[in-house]
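The next block holds one structure in the form of C-alpha cells; read it before the comments.
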Amino acid sequence: MKKNVSKSILISVFACIIISNVYAEPFGTIIYSIKTTSDFHVATVNVANEEKQILTKVPTLIVGSSEEVGTMPFLGVGAPPFLGDPCVIQGSYRVNISLLAFDGTMTDVVPTSYTDFNVDPCFSFDGQQIAYVHRNASPSNDDVLCVVNVDGSDNTEIYRTPLWNVDIKRPVFSTDGTTLAFGQEDFDFGGSGIFTIPVTGGVPQELTSLPVDSMHPAYSPDGKKLACVSQHGGSTFHLYIAEADGSSPQQITSGGSFALYPSFSPDSKYIAIASDNGISIIDLSNNQIVKEISLDYEGYYGLVWSLGAQESGGLVTKAKIKSKSISLKFQGLVPESSPNYGFVKIENISLPLDDANFWSDKKGKKYMYKDKEKKLTAKIVVKNQNGKFTAKKLQLIEGTDYRLMTNIPVVINVGNQTIINTIEFDEKGKYKAPK
C-alpha cells in the first residue's frame, strides 16, 4: 500500500573539524543579461575557465542612427545557488516570465496573456518558487510584487505599491524562503531604499541601517549576509555588505568603477558584481578582487551565480528513510584537493555542509565531516570513489512530503563535484540502484 510521510528538516550544521583558513578557488556558473551592439542576450560564463555560452538572444533593430524597435532587454535573471538549470528570465519583448534551460529551450511560467508587463524574476534558494514584479499594473501605475510556483501554479500578489509612480525593483528571497527583500524607487519625490516583507504578505519594512538610496539586494546562501549597492551621495554605485538584517553595512568597493547586481558564490566565500569591464569577483576573506571576466557590452541588466548546469558525476547506490534519519550511499565523486563546501538535497529539502574547512583530508585518502550533536556525518573515500551520508538525529516539522513509491530527485554536492539522480523509494522507505 502506498504511504505518505510528511516531514521537513530544520537543521544547522556547525564545523567540528578545522584544518586551515584557505578558501577554495571560486567555481560555478555566472548567468548574466547584457546588451551588445547587435543584440540583447542571456549568457553563462564558467567561473573557473571563463568559457561563455549564449543561451538566448533577440536582435537590436536600428532605424536611422539610434532608435531601437521591437526589442527590449531581458530585465532580470535568476537561479537558485545550488543548481542553475534552468534559470528564470523576463522574456524580452514577450514581457512574460520564463524558465530558460542551458540548452536554450524556454518554458513559460507566467505567460503574456496572464498580465501585461512582468520583470525582475528570481528563484527561491530551494528552487521551488519565483518572485517577480508586475509593472504598471493599473491606470495609476501600481507595481505588484508576486510569487508563483515553478510550475506556474498559485500565482499570488504579495504587495502592491500604494503611491503613483513608485517602482518595485529586483526582489530576492531570503535563504530560508520566508522573506523577500526588494528595492523601491520613488520617481516623484526621489530616493530609493531596500525593504523586506514576509513571503506570505504584510507591510514592508525599510532596512534603514543600509546606505541611502540602496538598490539590488542579495542574500548569501549561508544566510549570514545581505549585499546591496548604493551611490551614497556620490556619482558611482559601490558594493556594501551587511548582516542579514541589514545592520552594520561595510563598503567593499571604491574608486571609479561601478558595482551593480551583486551575487554571492554558492559557498558564500566570494561575491560577483557587474563592473566597468565585465564581471569582477571579490574574495570576502580580504575584500580584494581576485578575478575579472571581460565582457563586451553596452548595457547590463543582471547577473546571478550558481553551480550551473552539471551532468551527474556519479550514482546514488542505496538510500533509506526512517522517522528521524536519512542515509545515502553513493559512488563516483572525485572532489578537488580541499573542498570546503557541500550539500545534500532530497526533493526540496536541503542539508547544507557549508561551514569553512570542515573537510579533513587524511593524507589524500578520504574527506570527512561530522557533527556529533546532530549525528550528521559525511565521508568520501578517494581511492574507490565511494561515499556515505547519514543524518540520524533530526528535528522534524510538518510541510514536506517524502512520497514513497514516487520518483524523488537527489543531489549530492562536494565542492565543484555534483551527483544528480532521481530515485524511487519503496513502501519501506528504501532504495537500491538497479545493477
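The values are calculated or read from the model by the stated rules, or taken from the named source; none is laboratory data. Just so it is clear, the structure is predicted and the values come from calculations on it, not from any experiment. Heads up, the Cβs are rebuilt from the backbone with ideal geometry, glycines too, and the neighbour counts pull from every protein chain shown.
Before moving on, here are some points about what is shown:
- Options D120, D167: the member that is assigned by TED's automatic domain parsing to the domain that holds P81, crowded, with 18+ Cβ neighbours inside 10 Å, touching a Phe, Trp or Tyr at 6+ places or on another chain (Cβ under 8 Å) and at negative phi: D167
- Leading residue by the ranking (modelled with the highest pLDDT) among those in segment 332-366 that are part of a strand (DSSP E or B), within 23 Å of K269 (Cα to Cα) and of a type in the set (A, V, I, L, M, F, W, C): V344
- Residue in segment 367-378 that is under 15 Å from I326 (Cα atoms), at pLDDT below 70 and of a type outside the set (K, R) present: no
- For segment 280-306, residues that are outside any loop (DSSP other than H, G, I, E, B) and within 23 Å of V172 (Cα to Cα) total 12.
- Residue match in segment 77-93 (condition: at pLDDT 90 or above and over 24 Å from N46 (Cα atoms)): no
- Taken together, the criteria place S265 among residues that are among the polar types (S, T, N, Q) and either modelled with pLDDT under 95 or under 18 Å from the mean Cα position of the chain (by Cα) (or both).
- Screening V63, V58 for residues that are of a type in the set (A, V, I, L, M) and modelled with pLDDT of 80 or more leaves exactly one candidate, V58.
- Candidates P221, P249 - the one that is at pLDDT 95 or above and either out of contact with any helix residue (DSSP H, G or I) (no Cβ under 9 Å at 6 or more places or on another chain) or hydroxyl-bearing (S, T, Y) (or both): P249
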